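To start, the structure under review is shown below, and the notes come after it.
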Amino acid sequence: MPQTEHHLSCAALSIAGSDSCGGAGIQADLKTFQAFGVHGASAITAITAQNTVNVNQVQRSPASLLEAQIEACLLDLPIRAIKTGMLASAELIGTTAARLRSIATPIPLVVDPVMVATSGARLLDIDAEQQLMEHLLPLATLVTPNLPEAALMTGLTVDHAPQDLAANLIERGAQAVLIKGGHGREEQCVDWLIQPDQHRSFEWPRKAGQYHGTGCTFSAAITALLATGKTLTEAVDLAGHWLQQQISSAALPVQGQLHLLPFEPFDANVTQTAS
């Protein structure tokens with residue numbers, strides 16, 4: 001009796017930089033996709049030599065190579081959602097936006113802007129920031145800035161209400177905005193999901209310590225859930241609960257003080273109990 005052929009039904013694509021220590025970037029995205037049962041594909045914008053202590057070296061991908069990676073994934077895989085992370089330069093942002101704009105059937109796109117490091121350092125030059133705002137933001141199903149990034153993108157200050165920051169980004173073309181509250185001053189960590197027709201807040205306990213790759217991981221989890229057909233609100237809610245579980249189980253490396261997440265498999269029953 002001939003063996004039944006099984007076809008891949010769901011994949012997600014991450015367009016981002018490589019983190020050699022495996023806690024953020026492409027590596028975190030692929031681990032997260034796997035945790036949600038979604039086949040993960042990648043297009044690497046830059047290779048970094050880094051760990052939880054520092055970034056020692058960065059080598060950007062040529063634009064032609066990045067475009068070829070994206071094309072290869074779109075041609076052969078059932079990509080149901082796409083996430084962008086560190087895009088490194090104005091040229092690579094332009095290449096990415098041009099290829100995504102040409103997709104005939106719209107695919108949910110989660111844009112994690114990766115513009116400001118935890119230290120406060122800016123990760124993109126002014127030309128790259130402008131490219132992101134003008135060409136990538138209008139393609140975004142969801143953009144996921146932290147408070148400093150939202151302030152930088154809007155020209156406002158972090159003291160503005162998250163709803164105002166998000167509304168400004170929606171006016172600039174984003175379909176929806178998730179303002180991550182990890183940099184806020186409240187006792188609870190409050191994330192705000194702002195859509196043109198509704199606002200919703202998500203409150204999480206603010207846990208002691210610092211964690212590597214939480215922003216990458218949160219947006220990747222949302223991407224994976226969108227790929228499986230969840231609504232945007234469902235995806236943010238489930239991804240947030242799962243991330244809290246990962247933070248609770250995170251462990252310190254040998255030298256650094258940034259905890260590394262375990263990327264445990266998503267369990268809907270555990271998530272529902274937690275909520």
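The values are calculated or read from the model by the stated rules, or taken from the named source; none is laboratory data. Because the structure is predicted, anything quoted here is derived from the model rather than measured. With ideal geometry, Cβ positions are generated from the backbone for all residues, glycine too; neighbour counts draw on all protein chains shown.
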Those residues of region 237-256 which are without any contact (Cβ under 8 Å) to a residue 60 or more places away in the chain, of a type in the set (A, V, I, L, M, F, W, C) and surrounded by 15 or more Cβ atoms within 10 Å (Cβ to Cβ) amount to Leu238, Ala239, Leu243, Ile247, Ala250
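To keep it simple, each residue is scored yes or no on (1) in contact with a strand residue (DSSP E or B) (Cβ under 8 Å, 6 or more places away or on another chain); (2) among the aliphatic types (A, V, I, L, M).
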residue	(1), (2)
Gln188	yes, no
His199	yes, no
Trp204	yes, no
Tyr211	yes, no
Leu226	yes, yes
Lys230	no, no
Asp237	yes, no
Gly240	yes, no
Ser248	no, no
Restricted to region 218-236 and to residues being among the small types (Gly, Ala, Ser) and more than 16 Å from Gly23 (Cβ to Cβ), the residue surrounded by the most Cβ atoms within 10 Å (Cβ to Cβ) is Ala224
Checked region 150-178 for anything at pLDDT below 95, part of a loop (DSSP other than H, G, I, E, B) and either closer than 20 Å to Ser201 by Cα or among the polar types (S, T, N, Q) (or both); matches are Thr157, Val158, Asp159, His160, Ala161
Per the filter on region 30-85, residues among the hydroxyl-bearing types (Ser, Thr, Tyr), within 21 Å of Asp112 (Cα to Cα) and either touching a His at 6+ places or on another chain (Cβ under 6 Å) or surrounded by fewer than 14 Cβ atoms within 10 Å (Cβ to Cβ) (or both) are Thr52
For this session: Might you check whether a residue that is assigned to a helix (DSSP H, G or I) and free of Cβ contacts under 8 Å to residues at least 60 places away in the same chain occurs anywhere in region 102-115?
Result: no
Tell me, yes or no, whether region 125-138 has at least one residue that is touching a Gly at 6+ places or on another chain (Cβ under 9 Å), polar (S, T, N, Q), surrounded by 14 or more Cβ atoms within 10 Å (Cβ to Cβ) and part of a helix (DSSP H, G or I).
-> yes
When Ala63 is run through (1) at pLDDT 95 or above; (2) of a type in the set (Gly, Ala, Ser); (3) under 15 Å from the mean Cα position of the chain (by Cα), the failure sits at (3)
| query | If you go through region 1-14 one residue at a time, do you hit one that is crowded, with 20+ Cβ neighbours inside 10 Å, in contact with a helix residue (DSSP H, G or I) (Cβ under 7 Å, 6 or more places away or on another chain), in a helix (DSSP H, G or I) and of a type in the set (A, V, I, L, M)? | reply | no
Restricted to region 80-101 and to residues being part of a loop (DSSP other than H, G, I, E, B) and of a type in the set (A, V, I, L, M), the residue farthest from Ala220 (Cα to Cα) is Ala88
- Does Ala128 meet the test of being among the small types (Gly, Ala, Ser), more than 16 Å from the chain's Cα centre (by Cα) and over 19 Å from Ile15 (Cβ atoms)? no
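Quick grid of which residues meet (1) more than 24 Å from Leu178 (Cβ to Cβ); (2) in contact (Cβ under 8 Å) with a residue 60 or more places away in the chain:
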| site | (1), (2) |
| --- | --- |
| Ile15 | no, yes |
| Val53 | yes, yes |
| Ser64 | yes, no |
| Gln69 | yes, no |
| Ala81 | no, yes |
Going through region 130-171 in order, the residues found to be without any contact (Cβ under 8 Å) to a residue 24 or more places away in the chain and among the acidic types (Asp, Glu) are Glu134, Asp159, Asp164, Glu171
If we keep only residues of region 190-217 that are crowded, with 19+ Cβ neighbours inside 10 Å and without any contact (Cβ under 8 Å) to a residue 60 or more places away in the chain, then the residue nearest to Val116 (Cα to Cα) is Thr214
Scanning region 261-270 for residues that are surrounded by 21 or more Cβ atoms within 10 Å (Cβ to Cβ) and among the aliphatic types (A, V, I, L, M) gives Leu261
